[in-house]
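Have a look at the structure below, then the notes.
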Amino acid sequence: MPSYTLWNTEVELTLPSLPSKEVLAEMDEHASDPNHGYFPTHYGKLHYRQYLPQGEVKAVCIWQHGIGAHSGNACKLGENDFTNIGLLARRFKAAGYALYAPDMLGHGFSEGKRFYIPNGNYSVNR
């Protein structure tokens, strides 16, 4: 499995290649310039994007991407007009909220089998 160094962390990703530094910079600009990090799990390193507001943090929120996606999905529509995490991160930061957006294992820049979804008996408490 290919090994890459991303954001000062060595990771093993089953990607055919990584985006260029220019493309990574553009992705970050569209996604409101996040901080990046990794933390270990039993199944590999999990990548996350961190968005912090200026000043005091009112609350911390977690945003979860959908199936086949990643935490950096954002498009620039116009001068200051963005979609997905780019819009969400900008609005949360402006309102004083910290936002964390992980790439689930096997998605984005996280380790793990690509697009793997474990089979399990899951329930939601309501």
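The values are calculated or read from the model by the stated rules, or taken from the named source; none is laboratory data. Note that the structure is a prediction, hence the values are computed from the model and not measured. Methodologically, a virtual Cβ is constructed for each residue, glycine included, from the backbone with ideal geometry; neighbour enumeration extends over all protein chains shown. Side chains included, ligands, DNA and RNA excluded: accessible areas come from the protein's heavy atoms. Shrake-Rupley method; radii C 1.70, N 1.55, O 1.52, S 1.80 Å.
Among the criteria (1) more than 18 Å from T41 (Cα to Cα); (2) at pLDDT 95 or above, the one K76 does not fulfil is (2). The residues on offer are A59, A31, and the sole one that is over 22 Å from G112 (Cα atoms) and touching a strand residue (DSSP E or B) at 6+ places or on another chain (Cβ under 6 Å) is A59. One residue stands out among those in region 44-59 that are outside any loop (DSSP other than H, G, I, E, B) and out of contact with any Ser or Thr (no Cβ under 9 Å at 6 or more places or on another chain): the one that is farthest from Y97 (Cα to Cα), which is Q50. Here F39 does not qualify as open to solvent by 40 Å² or more (accessible area, probe 1.4 Å), in a loop (DSSP other than H, G, I, E, B) and of a type in the set (A, V, I, L, M, F, W, C). Residues that are surrounded by fewer than 18 Cβ atoms within 10 Å (Cβ to Cβ), part of a loop (DSSP other than H, G, I, E, B), among the small types (G, A, S) and at pLDDT below 95 are absent from region 103-115.
To keep it simple, each residue is scored yes or no on (1) in contact with a Phe, Trp or Tyr (Cβ under 9 Å, 6 or more places away or on another chain); (2) open to solvent by 40 Å² or more (accessible area, probe 1.4 Å); (3) not hydroxyl-bearing (S, T, Y); (4) not in a loop (DSSP other than H, G, I, E, B).
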| residue | (1), (2), (3), (4) |
| --- | --- |
| L15 | yes, no, yes, no |
| A25 | no, yes, yes, yes |
| G66 | no, yes, yes, no |
| N73 | no, yes, yes, no |
| L87 | no, yes, yes, yes |
| L99 | yes, no, yes, yes |
